[in-house]
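The values are calculated or read from the model by the stated rules, or taken from the named source; none is laboratory data. Note that the coordinates shown come from a computational prediction; the quantities given were computed from them, not determined experimentally. Ideal geometry is used to build each Cβ from the backbone, glycine not excepted, and the neighbour counts take in all protein chains shown. Please note that ligands, DNA and RNA were not included when accessible areas were found on the heavy atoms of the full protein model with its side chains. Shrake-Rupley method; radii C 1.70, N 1.55, O 1.52, S 1.80 Å.
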Amino acid sequence: MSCVGDDNRFVTDPEKWLHDISEQNDFVGIVIFRGSWCKFDKHYLQKLGDYSKDKMPTEKLKLIAWTSEGAAAAKKADDEWNLTKNHGFDAVIGDETNALAKYLIDDCLLEKLVISTPEEAHVESLITPDTYPNGLVQPGMIWYAHHGTVVLQWEATVEAPHYGGPNRPHPEELFDQVIKRKHALDKGEAVIPVHGNTLKQCASPWEVNCVIM
């Protein structure tokens, strides 16, 4: 599916949407991607989803991709990249108001999440002029386990020459750290969230460009 049913609380009430989805599911990953035009997003989301589907089938993960490019672009990415059909995602959603991203920043869940203009992101040639009326939300992610506890946070480092395209937490290391925390929580232990920048990175230009897109 390309949206979470008719539930648009990620726009109208992002705090409640995030609370409900993390409380109602034992294991949740929300991955922010730049848009349907980005080869780094395609490569990483498919790689992350495949790892989840192949290596973590018993963990009951709810995996969601989110983009500030809007609902039509979210559907386009899902249709063309087969994220929910073949790559382990439960939903791909889009919101050009950026309500969810702004809440994550304001509530210090992802306080270093970057919202760029298309010019700052150097993507003007890849999009139409009316895209991203409220800015392009750069990659980030937040993971919850044990019904609502944050176990991983990550915001992309946005700098030249690629301005937030590559360099994402490697799925194997990401899941290793998240699962350790999830299992600790299941046993009643306290955990400190890991930050994705401390993990091995992937989706480099070399890696992505060597894959037939």
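For the reader, a short list of remarks on this structure follows.
- Within the span defined as region 152-170, one or more residues are farther than 21 Å from Ala101 by Cβ and touching a strand residue (DSSP E or B) at 6+ places or on another chain (Cβ under 9 Å).
- Set side by side, the residues Phe27, Phe33 differ, and just one is touching a residue at least 24 places away in the same chain (Cβ under 8 Å), closer than 23 Å to His183 by Cβ, open to solvent by less than 30 Å² (accessible area, probe 1.4 Å) and not polar (S, T, N, Q), which is Phe27.
- For region 154-208, the set of residues classified as without any contact (Cβ under 8 Å) to a residue 12 or more places away in the chain, open to solvent by 20 Å² or more (accessible area, probe 1.4 Å) and farther than 19 Å from Leu110 by Cα consists of Ala160, Pro161, Asp176, Lys180, His183, Lys187, Gly188, Glu189, Ala190, Trp206, listed by residue number.
- So Lys75, is it among the basic types (Lys, Arg), under 22 Å from Ser125 (Cα atoms) and surrounded by fewer than 17 Cβ atoms within 10 Å (Cβ to Cβ): no
- Boolean, His162 is under 19 Å from Asn25 (Cβ atoms) and at pLDDT below 95: no
- Residues that are of a type outside the set (Asp, Glu) and touching a His at 6+ places or on another chain (Cβ under 6 Å) are absent from region 19-29.
- Asn134 meets each of the listed conditions (1) part of a loop (DSSP other than H, G, I, E, B); (2) out of contact with any Phe, Trp or Tyr (no Cβ under 6 Å at 6 or more places or on another chain); (3) at pLDDT below 95; (4) not hydrophobic (A, V, I, L, M, F, W, C) apart from (3).
- Output for region 139-153, where each listed residue is small (Gly, Ala, Ser) and buried (at least 24 other Cβ atoms within 10 Å of the Cβ): Gly140, Ala145
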